[in-house]
Amino acid sequence: MIAGVDEAGRGPLAGPVVASAVILNPADPIDGLDDSKKLSPKRRAALEIEIHARALHVGVGQASVEEIDALNILQATFLAMTRAVEALGIEPAHILVDGNRLPKWRYRAEPVIGGDALHACISAASIVAKETRDRIMKAAAQAYPHYGWERNMGYGSAVHMQALRQHGPTPLHRRSFAPVSQLLLL
């Protein structure tokens, strides 16, 4: 019962940070798992469906924009990771976390730099976190169409930055992030 944990959305200027925890079934391996950033959107979406159908346990957690601004992005990421592990519905024997740091938690865990390319369970978590966050941002783009979130997912693209200057920040913007906080000072 080894869980892989990864996050999506640490760098964007808007939206929550999302984490996923996945325990794969060793008797039913899923072909093609890889770092979500290396997969095409179509392949990633297909793999997410397979992960939900074939993994033993999948948990998703997120930290809101308000939590990001109150805690800082690292601590909010750890909060989202903790929520994802708790959402598994079972306590894993061990957890592999993509990156070089771990949340302060009671679980047996280890950080793995580049883990989303090394361990299938982390790859699966990477895919689920990315797909979940992308859906959140595409839905948010319907309410706030000027920012191009359906394409940039809240990252500081040229379109997003121009809209931010022209229309100002939305409730989904992270006010603790410099490009947003600098606009609030104007």
Being more than 23 Å from residue 181 (Cα to Cα), among the small types (Gly, Ala, Ser), in contact with a Ser or Thr (Cβ under 9 Å, 6 or more places away or on another chain) and modelled with pLDDT of 95 or more is the filter here, so list the residues in the stretch 116-161 that pass it.
123, 124, 125, 126, 129
Looking at (1) touching a helix residue (DSSP H, G or I) at 6+ places or on another chain (Cβ under 6 Å); (2) of a type in the set (S, T, N, Q); (3) in a loop (DSSP other than H, G, I, E, B), which is the only condition residue 100 fails?
(1)
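Residue-wise test of (1) in a helix (DSSP H, G or I); (2) within 17 Å of the chain's Cα centre (by Cα); (3) closer than 18 Å to residue 18 by Cα.
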{"site": "150", "(1), (2), (3)": "yes, yes, yes"}
{"site": "159", "(1), (2), (3)": "yes, no, no"}
{"site": "163", "(1), (2), (3)": "yes, no, no"}
{"site": "171", "(1), (2), (3)": "no, no, yes"}
{"site": "179", "(1), (2), (3)": "yes, no, no"}
Residue 18: passes all of (1) in contact with a helix residue (DSSP H, G or I) (Cβ under 7 Å, 6 or more places away or on another chain); (2) under 18 Å from residue 133 (Cβ atoms); (3) part of a loop (DSSP other than H, G, I, E, B); (4) at pLDDT 95 or above but (3)
Considering only the stretch 122-180, how many residues are touching a residue at least 24 places away in the same chain (Cβ under 8 Å) and on the phi > 0 side of the Ramachandran plot?
2
Report yes if some residue within the stretch 162-180 is among the aromatic types (Phe, Trp, Tyr), closer than 20 Å to residue 70 by Cβ and touching a Leu at 6+ places or on another chain (Cβ under 6 Å); otherwise report no.
yes
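Residue by residue, here is whether (1) outside any helix (DSSP H, G or I); (2) under 16 Å from the mean Cα position of the chain (by Cα); (3) basic (Lys, Arg); (4) buried (at least 18 other Cβ atoms within 10 Å of the Cβ) holds:
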{"position": "50", "(1), (2), (3), (4)": "no, no, no, no"}
{"position": "60", "(1), (2), (3), (4)": "yes, yes, no, yes"}
{"position": "77", "(1), (2), (3), (4)": "no, yes, no, yes"}
{"position": "82", "(1), (2), (3), (4)": "no, yes, no, yes"}
{"position": "89", "(1), (2), (3), (4)": "yes, no, no, no"}
{"position": "110", "(1), (2), (3), (4)": "yes, no, no, no"}
{"position": "116", "(1), (2), (3), (4)": "no, yes, no, yes"}
{"position": "128", "(1), (2), (3), (4)": "no, yes, no, yes"}
Pick from the stretch 32-67 the residues that are modelled with pLDDT of 95 or more and of a type in the set (D, E, K, R): which of them is nearest to residue 163 (Cα to Cα)?
66
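The values are calculated or read from the model by the stated rules, or taken from the named source; none is laboratory data. The model shown is predicted, which means the values in this text are computed figures rather than measured ones. Every residue, glycine among them, receives a Cβ derived from its backbone with ideal geometry; neighbour counts consider all protein chains shown.
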